[in-house]
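Following: one structure in structure tokens, then a few remarks.
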Amino acid sequence: MKRFHSIKKNSDFQRVYRQGKSYGNKYLVMYILPSLEGTRIGISVSKKVGNSIVRHRLTRLIRESFRLNKDRLNTELDIVVVARAAAKDKDFHAIESAFLHLCGIHNILKNRSDENDK
């Protein structure tokens, strides 16, 4: 299984938080910063959201939303997604919808005509 690059270092998270642009909705907050290392994602779920089982489940749902839609995103971005407490009981479709909604607000989704040219 192919792995995608993720943001792991605290300094990288802090750089995206400080210099990036952020938008949020009911379930997620997304920070975006142009990158030179390709598209990377970092996921943060606070202990305020729930216990470790809940936090890891949300992390998997967000990661899967990114994996399934990464072909639709512009490249060369650092993306940090922060889960809100309201996302705790939501299913995959609600999380994916929130993720794509934020991608649309950030204007990082490719146009349909761009996808058809490939």
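The values are calculated or read from the model by the stated rules, or taken from the named source; none is laboratory data. Note that the coordinates shown come from a computational prediction; the quantities given were computed from them, not determined experimentally. Virtual Cβ from ideal backbone geometry, glycine too; neighbours counted across all protein chains shown. Side chains included, ligands, DNA and RNA excluded: accessible areas come from the protein's heavy atoms. Shrake-Rupley method; radii C 1.70, N 1.55, O 1.52, S 1.80 Å.
Test of understanding: what is the full-extension gain from His101 to Ser52, defined as 0.36 nm times their sequence separation minus their Cα-Cα distance?
On the way: separation 49, 0.36 × 49 = 17.64 nm, distance 2.63 nm.
Length gained between His101 and Ser52: 15.0 nm.
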Measure of size requested: the Rg and Dmax of the chain, with Cα atoms as the atom set and Å as the unit; please supply both.
13.8, 45
Simple spin-label model, 7 Å along Cα-to-Cβ: Ala86 to Asn74 in nm?
2.7
Heavy-atom accessible area per residue of the chain, all protein chains kept, 1.4 Å probe, expressed in Å², is 63
Protein accessible area in the chain, 1.4 Å probe - carbon and sulfur %:
48
